[in-house]
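J.: Before I ask anything, let me first share the structure, which is written out below as structure tokens.
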Amino acid sequence: MILVMTTSHDRPVPRDPVTILRPRRGLTRFLETIGARWAGSTAVEELQDTIWRLREITERYRSAIEASGDVILRADASRRIVFANENFTATFGIAETGVLGRSLDRVITDLAVVPPPNLDPWLLSDHVSGALSDRELSTRDGPRWFMGREIEVAERLGDTAVIQVVLRDVTERHAMESELRRARDLAEAASAAKSRFLALASHEIRTPLNGILGMADLLLASGLTSEQATYARAVRTSGAALLSIVDDVLDLGKIEAGRLELQPDDASIEAVVEDVVELLAPRAQARGIELAGYVAADVPRRLIFDTVRLRQVLINLAGNGIKFTERGGVAINATLKARTKEHCVVTFDVTDTGIGIARQDAERIFTEYEQGENGTTRRYAGTGLGLAISRAIVRRMQGELEVQSEFGKGSTFAFSVLMPNPTYPEIVARSDPAELIGRHILIVSPAEIEPPLLVRRVHDFGGTALLVTNPSEARAALSARSYDAMLVDQTGVADAAETLVAIGLDQRPPAAVLVAPSDRGTLELMRHVGFSGYLVKPVRAQSIAKVIFALVEGRPIAADALDVRVPVAPRRLEGRKLKILVADDNPINVLLTRAMLESRGHRVTTAEDGRQAVDVFTAASGDMTFDVVLMDLHMPTLDGYVAIRAIRAANQSPRPLILALTADVTAETERATRAAGADGRLIKPIDADALDALLGEVPSAALRA
Ligand code: ADP
């Protein structure tokens, strides 16, 4: 006995506190009994000490466990409960004796607020990790949530393993989590609803707006007095401004809904940059500032990218540049940053000499509806959406749009994007003709933006260029060395003609004059004083090459080298009177389309919906069969897709050209219309050139017969 007791005494306190609770309670009682019988001896006193110590330890562990508030159940290998702590009784109002020997899983199943149909698989489900999903159980205080944990404890009862389940009350955490979840779901639903509303509202606004723009065009073409024309133009300008805002809002909706899709294709960066420059040049010239573009010679001629979106970003940035610049101008540059066999990284930067951006505003302006100037007096129009949209597009292209700016001095917005090379290798490298090797060009201009870019162009062609700002510097330069050609800027240089005369014939290399489109009237005079050619600003890469090459070689300048930007007269499609069926449920659109087509000499029949379109089409025969069908997509009774299918199914010969009419520019709509049988689509508002181009392809039924 003593031996047993000593062993017991020497034994280390078990590491798992709960094992102390039951087995040791039996042991202490046993020791107490022995102690009472052997009272008085030293051994017994020692023994009693041990008993007290053990009792103390036991009590300490027990109270610690109960104070944690956790419910603890233990079961043997056959999952029969062998122990339940006091918290179990306190929480569920069931005495330990009420559950001893019962199935652990059954007891918990019975406690579940929503009892599962079979034995609760909760405890049985995840023994490996030990973690159990939260569960709602009926307690004395009503339903509460518990987090469960089941482990097999190291301590053994006889030879069998002990399973221990700890249940922790997590009702508060649970309530907070479900509150957060609810708030998130609400926010998501609200955001989705907002995006849907924006898309719908913008679409609904776009349709009548297109009507307004089209009608203003018709009005302008109808022989108005100059006063009336001014009003009609104002309607047109305001309508166009509103349309661009609506487009921005639509884009923003797409971006927020994560539906901004790129449509990369094999295209030319130079063409995009020149396009943007050409489009915005009148705006810059109207403000008396410069706009110029430059694409470095090592940027490949063709790369794979989404032209529409790149154009949009550059127009936004350069448009802002023009808006916020009073003197100087805006330059758009594209340079090659890196290149592998598969890809190129191209850096675009748009630099202006405008008002600049205060350091504290530099990040904020990229947020939607944010503008630099936050006062009540707004000097600059705008919605604050352009930069947010541009940044989102650039991010979609895997780049980042950033700004560097000095307040009062100007800003540079820049981004780099990765563009795959086209798969055919021969056109990847852009080889500019190095026709200016060994040639020296003198450029006379006080302007800040375009002339430095002209210098870079001359370098790209293998030559060298010196830029001077006035006639006396030009004279000094010419007496210092000989030049093969010179370009004299008419703007700013008091008078280009005078400059040329002042330099003197004997010293003078062949020269061309740089003119603004508004200075075209002086060209005759310029030729007279000795300029052999001219370049209209902003100068296109192709034109400058042709003009300078001709100058240095003393050849006459070919007419196609010159930037002739006269408005193209409306094309007359003489002899191609087509029979066209227009199906659209919007009477204003019908009126517009009809006017556009009839002014081109075509014969137009209209239908108000898809059903009528199919009926009219199939009823037409002989001379009256239609060459072309313009089909709106969203119409009552029968939508455009179904109507197109029905018309195709009629199998008319000769096959009519079917064009879908839609304001939706997405690739999905394009695919869907083609799948229905359309040959193409016309984007509303209908662009006259696009219409002519598409109709130009169609021989009329009479010609085909
Ligand atoms: P919007 O021009 O329609 O107001 P943006 O998002 O394009 O909207 O620009 C947001 C703001 O950023 C502008 O209102 C302006 O304060 C500032 N900003 C943008 N570009 C320039 C620039 N080139 N120079 C100075 N400020 C600019």
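The values are calculated or read from the model by the stated rules, or taken from the named source; none is laboratory data. Computed from a prediction, not measured in an experiment: that's the story for all the values here. Here Cβ is always computed from backbone atoms with ideal geometry, including for glycine, and neighbour counts include all displayed protein chains. For accessibility, only protein heavy atoms count, side chains too; no ligands or nucleic acids. Shrake-Rupley method; radii C 1.70, N 1.55, O 1.52, S 1.80 Å.
J.: Compute the distance from the alpha-carbon center of region 321-336 to that of region 622-678, in whole Å.
T.: Cα centres, region 321-336 to region 622-678: 44 Å.
J.: While we're here: Where q = 0.15, 0.19 Å⁻¹, what log10 of I(q)/I(0) comes from the Debye formula for region 151-304, counting one point per Cα?
T.: Those come out to -1.11, -1.22, one per q.
J.: On to the next question. Full-extension gain between Leu218 and Glu59, please, as 0.36 nm times their residue separation minus the C-alpha to C-alpha distance.
T.: Fully extending the segment from Leu218 to Glu59 adds 47.5 nm.
J.: A further question follows. For Lys341, go through the aspartates and glutamates and keep the ones whose alpha-carbon is under 17 Å away, minus same-chain ones fewer than eight residues off.
T.: Cross-link targets: Asp266, Asp298, Glu426.
J.: A follow-up question, please. Quick one: if the Förster radius is 56 Å, what FRET efficiency do Leu279 and Ala480 give, using the C-beta to C-beta distance and rounding to 0.05? Each step should come with its number before you reach the end.
T.: Values: r = 41 Å, r/R0 = 0.72.
So, using R0 = 56 Å, E works out to roughly 0.85.
J.: Work out from phi, with θ = phi - 60° and the Karplus expression 6.51 cos²θ - 1.76 cosθ + 1.60, the ³J(HN,Hα) of each residue of region 91-99, listed in order in whole Hz, and give x for Gly and Pro.
T.: My calculation for region 91-99 gives 6, 9, x, 10, 5, 3, 5, x, 10 Hz in order.
J.: Now for a separate question. Taking θ as phi - 60°, what are the ³J(HN,Hα) couplings along region 229-246 by the Karplus curve (6.51, -1.76, 1.60), each to the nearest whole Hz, with x for Gly and Pro?
T.: 4, 4, 5, 5, 5, 5, 4, 5, 4, 5, x, 5, 5, 5, 4, 5, 5, 4
J.: Another question, then. Arg339 versus Arg149, label points 7 Å from Cα toward the beta carbon: distance in nm?
T.: About 6.2 nm, to one decimal.
J.: State the percentage of accessible surface on region 294-341 attributable to carbon and sulfur atoms; use a 1.4 Å probe and exclude ligands, DNA and RNA.
T.: Numbers: 980 of 1900 Å².
Within region 294-341, the accessible surface is 52 percent carbon and sulfur.
J.: Return the long-range amide H neighbours of Leu682 (sequence gap of 5 or more, or a different chain), with a cut-off of under 5 Å between placed amide H atoms.
T.: Here the answer is Ala660, Leu661, Thr662, since their amide H atoms fall under 5 Å of that of Leu682.
J.: Continuing with this model, one more query. Taking a virtual spin label 7 Å from the Cα of Glu448 along the C-beta vector, which residues in region 329-358 bring their backbone nitrogen under 11 Å of it?
T.: It comes to 329-331, 352-356, nothing else.
J.: Shape verdict for region 612-673, please, from the Cα gyration tensor: rounded (a/c under 1.5), prolate (a/b greater than b/c) or oblate.
T.: Prolate, because a/c is 1.5 or more and a/b exceeds b/c.
J.: Sorted by accessible area (1.4 Å probe), largest first, how do Thr423, Thr42, Thr340, Thr325 line up? Provide the component values of the computation, followed by the final result.
T.: Details: Thr423 140, Thr42 100, Thr340 75, Thr325 0 Å².
The most accessible residue leads, giving Thr423, Thr42, Thr340, Thr325.
J.: Near the amide H of Glu290, under 5 Å away, which other amide H atoms are found, from residues 5 or more places off or on another chain, if H is placed in the peptide plane?
T.: For Glu290, whose amide H was placed from the backbone, the distant partners under 5 Å are Gly328, Gly329, Val330.
J.: Put a dot 7 Å past each Cα toward the Cβ at Leu262 and Ala286; how far apart are the dots in nm?
T.: 3.3 nm
J.: To continue, here is another question. Can you pull the one-decimal nm distance between simple spin-label points at Ser238 and Ala175, each 7 Å off the Cα toward Cβ?
T.: So the label points at Ser238 and Ala175 sit 5.7 nm apart.
J.: Pop out the ³J(HN,Hα) list for region 341-351 in order, Karplus 6.51 cos²θ - 1.76 cosθ + 1.60 with θ = phi - 60°, rounded to Hz; leave Gly and Pro as x.
T.: Working through the residues one at a time gives 5, 8, 10, 10, 10, 10, 9, 10, 9, 10, 10 Hz.
J.: Between Ala161 and Arg645, what is the FRET efficiency for a Förster distance of 51 Å, r being their Cβ-Cβ separation, to the nearest 0.05? Before the final figure, lay out the partial values.
T.: Details: r = 71 Å, r/R0 = 1.38.
The value I calculate is 0.10.
J.: Quick query: amide H of Val162 versus all other amide H atoms, modeled in the peptide plane; which residues come in under 5 Å with a sequence gap of 5 or more or a different chain?
T.: Val153, Leu157
J.: Counting only other residues whose beta carbon sits under 11 Å from that of Thr353, what net charge do I get with K and R as +1, D and E as -1?
T.: Working: positive: Arg327, Lys409; negative: Glu290, Glu326, Asp352, Glu406, Glu448.
Residues close to Thr353 contribute a combined charge of -3.
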